[in-house]
Amino acid sequence: MEIKVEDASVKFLDKFYEIEKQCFQREAFTKQQIAYLLTEYNAIGLAARVNSEIAGFAIARVDIGRNASFGHILTVDIAPAYRRKGIAQKLLHEIETIFREKGIKECRLEVREDNVAALNLYQKLGYKKVGKLEKYYGKAHGLYLQKILH
């Protein structure tokens with residue numbers, strides 16, 4: 001199985017929204033939010049294809065902090081049929097590479113506390129828990145993770 005990563009284009013918005021709903025149900029971004037995130041000035045959007053089919057996507061951006069800029073991963077979505085095949089890991093590696101090329105030294109993200117599969121992946125890739133986000137996902141708590149990029 002070959003995974004190809006390319007720039008995410010708004011022309012795939014319907015497919016991205018379909019995958020987003022499969023991944024996050026009630027907490028899914030709206031189609032308008034995804035379009036905004038993809039076209040925002042500091043956005044990095046990547047799509048993963050398997051056999052020319054879009055299997056998932058990720059959106060991140062460069063956030064400007066008080067003392068330094070940092071990378072912020074906003075969403076990583078993999079269609080259920082394509083999970084556990086290394087696609088999310090490949091998207092994350094690509095995003096981290098882009099951040100490094102831009103001189104970004106730190107990457108952050110939020111994840112639902114009970115999303116064990118995502119937490120395991122992030123921890124395997126070197127993300128560390130730096131905080132808890134009370135009721136970040138409706139009634140569910142989130143975790144704030146951070147990774148120093150070398």
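The figures follow:
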item	result
Any hit, region 7-14, residues being under 24 Å from Val111 (Cβ atoms) and either among the small types (Gly, Ala, Ser) or assigned to a loop (DSSP other than H, G, I, E, B) (or both)	yes
Some residue of region 123-136 being farther than 22 Å from Val5 by Cα, in contact (Cβ under 8 Å) with a residue 24 or more places away in the chain and touching a strand residue (DSSP E or B) at 6+ places or on another chain (Cβ under 6 Å)	yes
Filter pass, Gln25 being modelled with pLDDT of 95 or more and either touching a Gly at 6+ places or on another chain (Cβ under 9 Å) or closer than 24 Å to Tyr137 by Cβ (or both)	no
Index of the failed condition, Tyr17 passing every other in (1) in a helix (DSSP H, G or I); (2) hydroxyl-bearing (Ser, Thr, Tyr); (3) surrounded by fewer than 16 Cβ atoms within 10 Å (Cβ to Cβ)	(3)
Condition check for Ile98: surrounded by fewer than 16 Cβ atoms within 10 Å (Cβ to Cβ), under 26 Å from Glu18 (Cβ atoms), of a type in the set (Val, Ile, Thr) and touching a residue at least 40 places away in the same chain (Cβ under 8 Å)	yes
Odd one out for Glu27 among (1) in contact with a strand residue (DSSP E or B) (Cβ under 9 Å, 6 or more places away or on another chain); (2) within 23 Å of Gly86 (Cβ to Cβ)	(2)
Exclusive hit being of a type outside the set (Val, Ile, Thr) and in contact with an Asp or Glu (Cβ under 9 Å, 6 or more places away or on another chain), set Gly86, Gly71	Gly71
Asp14 more than 25 Å from Leu119 (Cβ to Cβ) and acidic (Asp, Glu)	yes
Some residue of region 127-138 being surrounded by 15 or more Cβ atoms within 10 Å (Cβ to Cβ), under 22 Å from Ile44 (Cβ atoms) and of a type outside the set (Gly, Ala, Ser)	yes
Qualifying positions in region 30-53 - free of Cβ contacts under 8 Å to residues at least 24 places away in the same chain and either among the aromatic types (Phe, Trp, Tyr) or over 21 Å from Tyr82 (Cα atoms) (or both)	Thr30, Lys31, Gln32, Gln33, Tyr36, Glu40, Tyr41, Asn42, Ala43
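Conditions tested, residue by residue: (1) farther than 22 Å from Lys31 by Cβ; (2) in a strand (DSSP E or B); (3) in contact with a Phe, Trp or Tyr (Cβ under 7 Å, 6 or more places away or on another chain); (4) not basic (Lys, Arg).
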{"site": "Ala55", "(1), (2), (3), (4)": "no, yes, yes, yes"}
{"site": "Arg66", "(1), (2), (3), (4)": "yes, no, no, no"}
{"site": "Ile73", "(1), (2), (3), (4)": "no, yes, no, yes"}
{"site": "Arg100", "(1), (2), (3), (4)": "yes, no, no, no"}
{"site": "Asp114", "(1), (2), (3), (4)": "yes, no, no, yes"}
{"site": "Gly126", "(1), (2), (3), (4)": "yes, no, no, yes"}
{"site": "Gly131", "(1), (2), (3), (4)": "yes, yes, yes, yes"}
{"site": "Glu134", "(1), (2), (3), (4)": "yes, yes, no, yes"}
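The values are calculated or read from the model by the stated rules, or taken from the named source; none is laboratory data. Predicted, not measured: the structure shown is a model, and the values here were computed from it. Cβ sites come from the backbone with ideal geometry, for glycine too, and all protein chains shown count toward neighbours.
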